[in-house]
Amino acid sequence: MIRSPMNKRASSWLTFAGVFAVSLALGAAYGLAQPAAASSALVPAGQTMGYTGPEVCGACHEEIHTLWQNTRHARAFSSPIFQQNWEQIGSQFNCLQCHTTGYDPALSTYEFEGVTCESCHGPFQSGHPEQPMPITADAELCATCHKTTTDEWRASKHGEVGIQCQSCHDPHAQKPRAETVTALCGNCHKETGSSFTHGTHAEAGLQCSNCHMFTDPRTSPPIEGLVPTGHTFSVGSQACIGCHQDSVHTRDTILQLSGEVTSLEQLDVDELRQHVQQQEQAITELEARSSTRLYVGLAQGGIVGLATGSAAAWVVSRRLKVVDIESSENDEEEDAG
């Protein structure tokens, strides 16, 4: 069967149209299936795309995203404490600057609840991941929200020598960079355990932060989040009073007794009671001896007083007689003359 040139040309165009349509459909489906981050190629390098949200970051940074999910940063907006305080102060939108991501003060709107990746790293930038997200990890960044804490830090020895927040805190997990606070402090402060204060407190199970970051216990939600956090690391009298309410003014006694605690714990109760009874008996005997000595002293004093008084009286009486005799003789001589 011989086809005409017209039929051949129509078949070619139909084949082309069919392949082209299928290609367009596949291209559209592939484009829609791409993650949001892939669309950065449509934006010139170095320009901001806008806030994309923590889930987009989690597509690549899965481990960090998992750590962040259970932190206070992630729950900064949904926290019951914040919600209660938010209602009490009349829902002031300036609070959202720290408790949300992408807050626009002009419109009083935000992009995402909580402190997400882009709160610190900034809105998603084109060229990422080839180009890193811009961030300066220092106290100035943390101070945008944690002003009270960073003000305390600046007044501390840590602030003076430039030990930054991330030296101690993991910003993603929001936990110390060690298993315990004491282990964290021990990375730098290796000789503190040799002193009395640090040694005995450590033996009692206290952490460095129990004293060096002591703050008065809160009985109500913080007002606008402004509360002391103990980041001056100085130990004041309140830290001592927090535990030693009954003995804070008897430090010398504490020092004397601290070395005897172990020996007292090992004493037998019956032996201790017997020792107390012996001491009480000794005190009773001393009191009895004291009374006896008093009576004996009185008797001895009376005897000596009688003897001494008699002798003195006899001497005085003899002296008076001599004087009387001499006076009588002188009167007789004057009469005879």
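The values are calculated or read from the model by the stated rules, or taken from the named source; none is laboratory data. Please read these numbers as outputs of a predicted model, since none were measured by experiment. Ideal geometry is used to build each Cβ from the backbone, glycine not excepted, and the neighbour counts take in all protein chains shown.
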### Task
Could you tell me whether any residue of region 114-131 is under 23 Å from Thr66 (Cβ atoms) and among the charged types (D, E, K, R)?
yes
### Task
Would you kindly identify the helices (runs of 4 or more DSSP H) lying entirely within region 155-205 that contain at least 3 residues that are touching a helix residue (DSSP H, G or I) at 6+ places or on another chain (Cβ under 7 Å) and at pLDDT below 85?
196-203
### Message
Restricting to region 96-120, and then to whatever is under 24 Å from Asp170 (Cβ atoms) and assigned to a strand (DSSP E or B), can you tell me which residue is nearest to the chain's Cα centre (by Cα)?
### Response
Thr100
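Just to check your reading of the model, which residue among Thr52, Thr100 is under 28 Å from Gly230 (Cα atoms), among the hydroxyl-bearing types (Ser, Thr, Tyr) and out of contact with any Cys (no Cβ under 7 Å at 6 or more places or on another chain)?
It is Thr100.
Report yes if Asp170 is assigned by TED's automatic domain parsing to the domain that holds Gly236 and under 23 Å from Trp68 (Cα atoms), otherwise no.
Numbers: assigned by TED's automatic domain parsing to the domain that holds Gly236: yes; under 23 Å from Trp68 (Cα atoms): yes.
Yes.
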